[in-house]
1. Run the helix sum for the chain: -39,500 (n - 2.57) per DSSP H stretch of 4+ residues, divided by residue count, reported at 222 nm to the nearest 500 deg cm²/dmol.
2. Take each of the peptides 276-286, 119-129, average the number of other beta-carbon atoms within 10 Å over its residues, and list them starting from the highest.
3. Net charge near A440, counting Lys/Arg +1 and Asp/Glu -1 over other residues with Cβ under 13 Å of its Cβ?
4. Quick one: compute the contact order of the chain, relative version, from alpha carbon pairs under 8 angstrom and 6+ residues apart, as a percent.
5. Which links in K324/K586; K324/K595; K168/K602; K372/K602 stretch past 29 Å when you go from one Cα to the other?
6. In the chain, with Lys and Arg counted as +1 and Asp and Glu as -1 at Cβ, which of these residues, V343, S514, S255, has the Cα nearest the positive end of the dipole, that is, farthest along it?
7. How tilted is helix 608-621 with respect to the longest principal axis of the chain? Cα atoms for both, answer in degrees (0 to 90, nearest 10).
8. By the scheme Lys and Arg +1, Asp and Glu -1, what is the net charge of all other residues having a beta-carbon under 15 Å from that of Q452?
Amino acid sequence: MRQMILCVSIAAALGVAASGCQRSPSPADTPAAATPAAPAAAAEMIVDEHSYAEPDKVVTTDLALDLAVNFPGKQLTGTATYALDWKDPAAAMLVLDTRDLSIQKVEALASGGQWSPLEFALAGKDPILGSKLTIQAPMRPAKIRVTYATSPTASGLQWLEPSMTEGKQQPFMFSQSQQIHARSWVPLQDTPRIRFTYSAHVTAPKDAMVLMSADNDPAAARDGDYSFKMPQKIPSYLLAIAAGDLVFKPLGARSGVWAEPGMVDKAVTEFADTEKMIDTAEGLYGPYRWGRYDLLVLPPSFPYGGMENPRLTFATPTVIVGDKSLVALVAHELAHSWSGNLVTFATDKDAWLNEGFTSYVENRLVEALYGKEQADMENVIERDALAKEYLTLEPKLQVLALKPGDLADPDNSSSATVYGKGAWFLQWLEQQFGRPVFDAYLKSYFDRHAFQSMTTARLLKDMQDNLLAKNPGKVTPAQLEAWVHAPGIPADAPKTESRKFAVVSAARIAWQGSGTLPGKTVTAAWSTQEWVHFLEGMPDVLKPEQLAQLDEAYRFTGTPNGELAQRWYPLAERSGYAAARGEMGKFLERVGRRKLIMPTYKALTATPDGLAFARQVFARARPGYHPITTGSVEQAIAEAAPVSPAVAPATTPVAPAQPAAGLPAAEPAPRPKPGRPMQSARLPQELDPVDPAPTPPPES
Ligand code: BES
Ligand code: ZN
């Protein structure tokens, strides 16, 4: 029952096949059968395979945390108190998600106001889901309180020694809850189907500033005792906390930056356009509903580029490069204030409803602030990455609306699909209906579904009623069906071309033919995107002498530009260019952002010698990596086939596969995996230019 979706009948309404409706095997330790829902006419029973929670029986409406931050013990300890709305009069249990938590006691609030103990059972650990916590609550109390402690290895927290911070004086701690890591630092119903308000009281050493995805006060006294409120209802994956030597500087009336003292001024300069971005987004999609919009700059071990924690976007410092060339990241995380935080995917099968919509909005903001050419270049980079990933990506992961059971680990979705294809679909819709009609539709969609969970089926119904029916003759239900349920990219997807990239490709091709590199007058004005395009179009393997020539001219080895390092080191490794190894190792030790470093680890693990080097580097880097990054690197090393040098030379090229339907044939590509988010497909603009080309600020 748990795995069954009662597909409503949006499919019937649209006259299309309900291909998302089918049974699939349950995950290990599958929770007990869910209460059968009444067969409501237009209701959809949503099943989240990645949570044990039973929201049809009871939901959390408010969470109150009382936590102590223990740096030496690498632990959060305290209580979580849930205000509960019992939906099912027959329900007698509260089932929560946990991972590696130690649960000390569980209590219920009696009508007299006193707390009394409840029986509970913590199940064995499922490797992906964690441990189900079942609390016996036959009286269906209005509040339940759990006293607990986190594990020092909690998957959703990173504890950093002072040496791993910018200032090197104080320890640092931060959370990363998406997708299903909130359960490793708070026992809770960890599913985006449920939204709740929250408050928190947090104690910490006096010199540590504590921030949460809530009402951070820019003028808060650093006294080791902090209180927070998040009055808007949020899903669990947006719960966030950070503690460290953090100071605040304003960007505008309602935006600012939190960072370590040595980083904050650089961040203020880099993110100076933030207030303008908020205004632009509001102009397109309606008021920003979260009060303040602040950015928190984390240490370089942050495993992602950014995370849209409400009111406080978490960001990697690798975007702070002095020329604003990476601020699409801010556009992206800000865009989630509408697509994701306001209208939220109900389960991770529909992750594209968050990330695809957000990538579309991000591109619109980049276009509005920095011009069409900039937006086009970013688009082309995204599409090229998609074409490469789709050469080897299983068809079932190429559909926007994933079928139950097709995504075992929610950290392993295909970023090409979720981000790239999702955004492409919306660009196609924009083209069919025209910008004014589509913009008005999107704005009204965010309003109609504000603070609600969304599924692909609900979206299609909304589109049918509010877009297709009101603008007849433009788009057929079958076309929508193909976009969301079929693998590949429909043949009439809009193509984006970049004038600047044509020049870059011509220069690269000329070099491959003649050995003459583009002159400094040509490359001097190249932006990060153009350098990325230059490297991306290279064959899978070059001759070591060719790499040396490129290095001599452009000094790729040792580049501070993570986007270039991400592409240069794998090419160097595949090509047997040993001169890059030293700087490559330093890069892998310095940065923990998965997207930037995993391609290099993957290239290394393809040969026995590279694998040995990867193991050495990982041993040194590991203490500074986030658990999510550690997991990815461990997996890459474990998956490395035990092959002998005779069968796996360093320069084995990967044979190109057939492109998916509707896609152009791409050049031979490194073997992509179903991407952990951000690992392989997203190529946001980034970092410093390679010497000698100064990157001009993106056009405005
Ligand atoms: N919400 C994501 C990050 C995420 C996705 C974390 C899935 C865990 C699971 C965030 O908004 C994001 O997309 N970040 C990108 C930024 C980029 C698209 C500009 C990243 O981290 O690279
Ligand atoms: Zn995102």
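1. That comes out to -9500 deg cm²/dmol.
2. 276-286, 119-129
3. Here the count lands on +1.
4. This gives 13 percent for the chain.
5. Too far apart for the 29 Å limit: K168/K602; K372/K602.
6. V343
7. 50 degrees
8. Local charge sum for Q452: +3.
None of the figures in this text is laboratory data; all of them are computed from the coordinates on show. Values in this document were obtained by computation on a predicted structure and should not be read as measured data. For neighbour counting, all protein chains shown are included, and Cβ atoms are generated from backbone atoms with ideal geometry for every residue, glycine included.
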